[in-house]
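Participant: Got a structure for you, questions after.
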Amino acid sequence: MRVYFDASVIIAALLSPTGGSTLLFTYLARGRFKGFSSQTVIQEILGIHVQEKINTSKKEIEQFIARSSLLIQEEITPEDKELLMILTA
C-alpha cells in the first residue's frame, strides 16, 4: 500500500509523540506501507510561520523527515493523488 502524507499529518506527528499521526510514522518505519509526500509539502512545513507555530527548528524538522522513511517526490500530480490514499489529520 502507498500512503500520501500531507502537511497536516507531518505537523501533527511533530507536535504529538503519542498521537495517531506518530503511529502512522511508526507503521511506516516498520515497513507496513510506503509513505510519500511532495517537495511542496516539505517547503510548507519548513516555512517560518509553521516553524514558529510548532516551536521546532528547521534543522529538527529536516532531521525528522530524513529519519521518517518518507519518499519525497518533487510534485504530486492529480493523477498520482488518484492512486494514493490521502491522509489528513
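Coordinate-derived values only; no laboratory data. This is a predicted model, so every value here is computed, not measured. Cβ: placed from backbone, ideal geometry, glycine included. Neighbour counts: every protein chain shown.
Participant: I'd like to know which of T77, S21, A7 lies farthest towards the positive end of the charge dipole of the chain, counting +1 on Cβ of Lys and Arg and -1 on Cβ of Asp and Glu.
Facilitator: Looking along the dipole axis, the top candidate is S21.
Participant: If the viscosity is 0.890 mPa s and the temperature 25 °C, what Stokes-Einstein diffusion coefficient in µm²/s follows for the range 1-48 when Rh is the Kirkwood radius over Cα pairs?
Facilitator: Value of D from the Cα-based Kirkwood radius: 222 µm²/s.
Participant: Please tell me the relative contact order of the range 2-87 in percent, rounded to the nearest whole number, where contacts are Cα pairs under 8 Å and at least six residues apart.
Facilitator: This gives 43 percent for the range 2-87.
Participant: Please list 3J(HN,Hα) in residue order for the range 26-34, calculated via the Karplus relation 6.51 cos²θ - 1.76 cosθ + 1.60 where θ = phi - 60°; whole Hz, with x for glycine and proline.
Facilitator: 5, 5, 4, 5, 7, x, 6, 7, 9
Participant: Taking the Cβ-Cβ separation of K53 and T77 as r and a Förster radius of 30 Å, what is the calculated FRET efficiency to the nearest 0.05?
Facilitator: Taking R0 as 30 Å, the efficiency between K53 and T77 is 0.60.
Participant: Just to compare against my own numbers: the Cα pair-distance distribution for the chain, 10 Å bins, whole % per bin, please.
Facilitator: Spelled out bin by bin, the chain gives 17, 55, 26, 2 percent.
Participant: With springs only between Cα atoms under 10 Å apart, run a GNM on the chain and tell me which of Q63, Q39, Q51 wobbles the most.
Facilitator: Among Q63, Q39, Q51, the largest mean-square fluctuation in the Gaussian network model of the chain belongs to Q63.
Participant: How large is log10 of I(q)/I(0) for the range 29-74 at q = 0.16, 0.26, 0.27, 0.32 Å⁻¹ when the intensity is taken from the Debye formula with one equal scatterer per alpha-carbon?
Facilitator: So the normalised log intensities work out to -0.46, -0.96, -1.00, -1.15.
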